[in-house]
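Student: Following this message is one structure expressed as structure tokens.
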Amino acid sequence: MTADDFTHRTLPRLGRTVHRLGLSLNYGIDPRGFDAGIERGMNYLFCTPQKTGKFAPSVRRVLKANREKYVVATGPSLGYFGGRVKRAAEARLKQLGTDYLDVFQLFWVGVGSAWTDGTMAALLQLKEEGKVKSIGISIHDRQRAGKLVADSPLDLFMIRYNAAHPGAERDIFPHLETRKPAVVAYTATSWRKLLKAPKAWPGDPMTAGDCYRFCLSSPHVDVTLTGPASTEQLHANLDAVEKGPLSPEQLAWMRAYGAQVHG
């Protein structure tokens, strides 16, 4: 595997090539950091309606310059009813100044949204109308996710996956061959818990870069989201990913470390 093979992937069911480190716009970086990520080739942009309003002008600018280069993933703040899902999509289209959204997903199914006949119909209608290119969900319930991976119209799954929580390898990844949806991993650092060594651990802690490389070393993960707090962290994360996949020895070390953090 070359470095370029590791850092880039054509997304299943979307047919778009993206940098595998996706930029989450709901954390600490400012528009200057956004521009730095764009300059280094990041083109999977994850936007939530609650926290990414300050980036709307920046996103509109890059989409206007080259719409086909970027994959924009977003969704409704709450997704319990089909009507609200459709209204949220229209609002995001207007906010970002684009004719379509690449990924429109229900956030936190089972907590902030619901996968029902009504929400499914709304997502499929948006897709049929060309306002949305693909539909997805983010979900914590791995067993339910595994069933939906195997039997649903969903094109993309955003799941928790990291060295401390590798359960997707058992509950989700074995089902991917059925339909081959795209997989986006988040919480790579386990909400930063992996960045602090447990008391019983004899060596150094994992770095954020280690965490992203762990996720992307899985052939089943297409994109891993990063939410850097600064431009400096953004560059460090990108530099780490450019080192390529983990060696078997590094992977074993990180699995053992993650098990200690999980407790």
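The values are calculated or read from the model by the stated rules, or taken from the named source; none is laboratory data. The structure displayed is predicted, hence computed values, not measured ones. Glycine gets a Cβ as well: all are built from the backbone with ideal geometry, and neighbour counts include every protein chain shown.
Student: Residue check, ARG67 against (1) touching a residue at least 24 places away in the same chain (Cβ under 8 Å); (2) more than 19 Å from ARG16 (Cβ to Cβ), all met but one. Which one?
Tutor: (2)
Student: Which fully enclosed helices (runs of 4 or more DSSP H) of the range 1-69 have 2 or more residues being acidic (Asp, Glu), within 15 Å of the chain's Cα centre (by Cα) and under 20 Å from ALA188 (Cα atoms)?
Tutor: none
Student: Follow-up. Can ALA114 be described as surrounded by fewer than 20 Cβ atoms within 10 Å (Cβ to Cβ), within 20 Å of the chain's Cα centre (by Cα), at pLDDT 95 or above and aliphatic (A, V, I, L, M)?
Tutor: Yes: the conditions hold for ALA114.
Student: Scan the range 221-239 for residues that are under 20 Å from ASP5 (Cα atoms) and either in contact (Cβ under 8 Å) with a residue 60 or more places away in the chain or crowded, with 18+ Cβ neighbours inside 10 Å (or both) and jot them down.
Tutor: The answer is VAL221, ASP222, VAL223, THR224, LEU225, THR226, HIS235, ASN237, LEU238.
Student: Let me ask something else about it. Say whether the condition of being under 17 Å from MET254 (Cβ atoms), crowded, with 18+ Cβ neighbours inside 10 Å and either more than 17 Å from the chain's Cα centre (by Cα) or modelled with pLDDT under 95 (or both) is met by at least one residue in the range 194-201.
Tutor: yes
Yes or no, residue by residue, for (1) under 30 Å from GLY258 (Cβ atoms); (2) of a type in the set (D, E, K, R); (3) surrounded by 19 or more Cβ atoms within 10 Å (Cβ to Cβ):
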{"position": "ALA91", "(1), (2), (3)": "no, no, no"}
{"position": "ALA121", "(1), (2), (3)": "no, no, no"}
{"position": "LEU126", "(1), (2), (3)": "no, no, yes"}
{"position": "GLU129", "(1), (2), (3)": "no, yes, no"}
{"position": "GLN143", "(1), (2), (3)": "yes, no, no"}
{"position": "MET158", "(1), (2), (3)": "yes, no, yes"}
{"position": "ASN162", "(1), (2), (3)": "yes, no, yes"}
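Student: Please tell me if ASP204 is under 19 Å from the mean Cα position of the chain (by Cα), more than 18 Å from LEU216 (Cβ to Cβ) and among the acidic types (Asp, Glu).
Tutor: Spelling it out, it is not the case that ASP204 is under 19 Å from the mean Cα position of the chain (by Cα), more than 18 Å from LEU216 (Cβ to Cβ) and among the acidic types (Asp, Glu).
Student: Follow-up. Report the residue count in the range 126-172 for those that are among the hydrophobic types (A, V, I, L, M, F, W, C), out of contact with any Phe, Trp or Tyr (no Cβ under 9 Å at 6 or more places or on another chain) and under 14 Å from PRO12 (Cβ atoms).
Tutor: Of the residues in the range 126-172, 2 are among the hydrophobic types (A, V, I, L, M, F, W, C), out of contact with any Phe, Trp or Tyr (no Cβ under 9 Å at 6 or more places or on another chain) and under 14 Å from PRO12 (Cβ atoms).
Student: Would you say SER190 is hydroxyl-bearing (Ser, Thr, Tyr) and within 16 Å of the chain's Cα centre (by Cα)?
Tutor: Yes; evaluated as a whole, the condition is true for this residue.
Student: With the requirement that a residue be surrounded by fewer than 22 Cβ atoms within 10 Å (Cβ to Cβ), touching a Gly at 6+ places or on another chain (Cβ under 8 Å) and either outside any loop (DSSP other than H, G, I, E, B) or modelled with pLDDT under 95 (or both), what does the range 96-108 give you?
Tutor: PHE107
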